[in-house]
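The values are calculated or read from the model by the stated rules, or taken from the named source; none is laboratory data. Model, not experiment: these values are computed from the prediction. Neighbour counts run over all protein chains shown; Cβ positions are idealised from the backbone, glycine included.
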Amino acid sequence: MGWSDHPKERKNSGRAGDRESEKPFVLSLSKDEQLPVTRHTSLSEGTEQMLKRVAVEIGMGTDIRGADYTKAAVRALRDALWHNSLNVADALGKPTDSMVVEVLIGVPKPDKVDTAQVLAVLPHGTGTVKVVEGGLEIVNDAGTGSTVMASAAAIVRLDL
C-alpha cells in the first residue's frame, strides 16, 4: 500500500516536488520484501548518497476548537519528534544535520496545511513534507466549529 501523490508536497526549498519521477512511499513491507534504500544527491557536494532508513517516528496532533489544519499538523510532528531522542547519527559518527527527514501528514483537507510551517519544526537535517488525506475532523453539536486531528510520520534516513 502506498501514499497517494498530492499537490501540497513540498521540499525544504519551498518549491513543489517533481512528483512525476517520485515513487509512492511504501507504508508496510511483506516478509519477503527488503527495506528500501533511497538515492539522494547532495546539492552542496554534487555527490550521490545512499540513504538508509534508521527511524520512523509517529505522532498525533489536534486543534480542538479552531479547525486549524496547520496547527494540528505542527502539533502532530512535534508529538512524533519530541517524545524521543535519536542518537543514531552521533553513534555512527555523523553530524545530526546529515539526517534527511521525510515528513508525512494526514488530515481530512490536505490543501489547508502550510507545509513550510510544518517543515520549520524539524530541529536537524533537511526534509520534505507530504500532506495526504487522513486524520479526522469532528464537527461540534451546533455545527459552528470542529476539532481537527492530524497524524504524522517522520522517516529519518542517513547516508550509511
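Odds and ends about this structure:
- Test: T62 is under 12 Å from the mean Cα position of the chain (by Cα) and hydroxyl-bearing (S, T, Y): no
- Members of the stretch 55-113 found to be in contact with a Gly (Cβ under 8 Å, 6 or more places away or on another chain), of a type in the set (D, E) and surrounded by 15 or more Cβ atoms within 10 Å (Cβ to Cβ), listed by number: D79, E102
- Meets criteria (crowded, with 22+ Cβ neighbours inside 10 Å and under 15 Å from the mean Cα position of the chain (by Cα)) for V121: no
- Boolean, A150 is more than 10 Å from the chain's Cα centre (by Cα) and touching a residue at least 60 places away in the same chain (Cβ under 8 Å): yes
- Filtered by the rule that a residue be at pLDDT 95 or above, β-branched (V, I, T) and assigned to a loop (DSSP other than H, G, I, E, B), the stretch 31-74 gives a lone residue, I64.
- Elements of type strands (runs of 3 or more DSSP E) in the stretch 75-160, at least 2 residues being under 18 Å from I58 (Cβ atoms) and modelled with pLDDT of 95 or more: 100-107, 126-133, 146-159
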